[in-house]
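Data block below; observations after.
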Amino acid sequence: GFKTCVLTNNWVDDSTGRLFTATLMTLLRRHFDLVIESCRVGVQKPHLEMYTHALDVLQAKPQEV
């Protein structure tokens, strides 16, 4: 089978709209095997480190994704 993953460029949301962001992340997690958030990794796309992290977590090689 396949694993599905979402890479997000998001931030820690301390605005009044944070409930929307939290709800969206919860919904995404229901539909994907993995959700990787840049605010938690500490680096954003398109930096190579974001993709390397995703590959490590997925235990995958670049040619497999």
**Asked** Within the stretch 39-65, can you find the residues that are more than 19 Å from residue 1 (Cβ to Cβ) and either surrounded by 12 or more Cβ atoms within 10 Å (Cβ to Cβ) or under 11 Å from the mean Cα position of the chain (by Cα) (or both)?
**Response** 39, 40, 41, 43, 44, 45, 47, 49, 50, 51, 52, 53
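Would you please name the residue that is nearest to residue 65 (Cα to Cα), looking only at residues in the stretch 1-17 that are among the polar types (S, T, N, Q) and open to solvent by less than 100 Å² (accessible area, probe 1.4 Å)?
By that ranking, first place goes to 4.
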**Prompt:** Among (1) part of a helix (DSSP H, G or I); (2) at pLDDT 90 or above; (3) among the hydrophobic types (A, V, I, L, M, F, W, C), where does residue 25 come up short?
**Reply:** (2)
**Complete:** Residue pairs within 6 Å by beta carbon, gap of at least six or interchain, first lying in the stretch 18-38 and open to solvent by 80 Å² or more (accessible area, probe 1.4 Å), second not basic (Lys, Arg), listed first then second, are 29/35; 33/4
**Request:** Report yes if residue 12 is touching a His at 6+ places or on another chain (Cβ under 9 Å) and in a loop (DSSP other than H, G, I, E, B), otherwise no.
**Result:** no
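The values are calculated or read from the model by the stated rules, or taken from the named source; none is laboratory data. Given the structure is predicted, the values throughout are model-derived calculations rather than measurements. Positions of Cβ are backbone-derived with ideal geometry, glycine not excepted, and every protein chain shown enters the neighbour counts. These area figures cover heavy atoms from the full protein model, side chains too; ligands, DNA and RNA do not enter into them. Shrake-Rupley method; radii C 1.70, N 1.55, O 1.52, S 1.80 Å.
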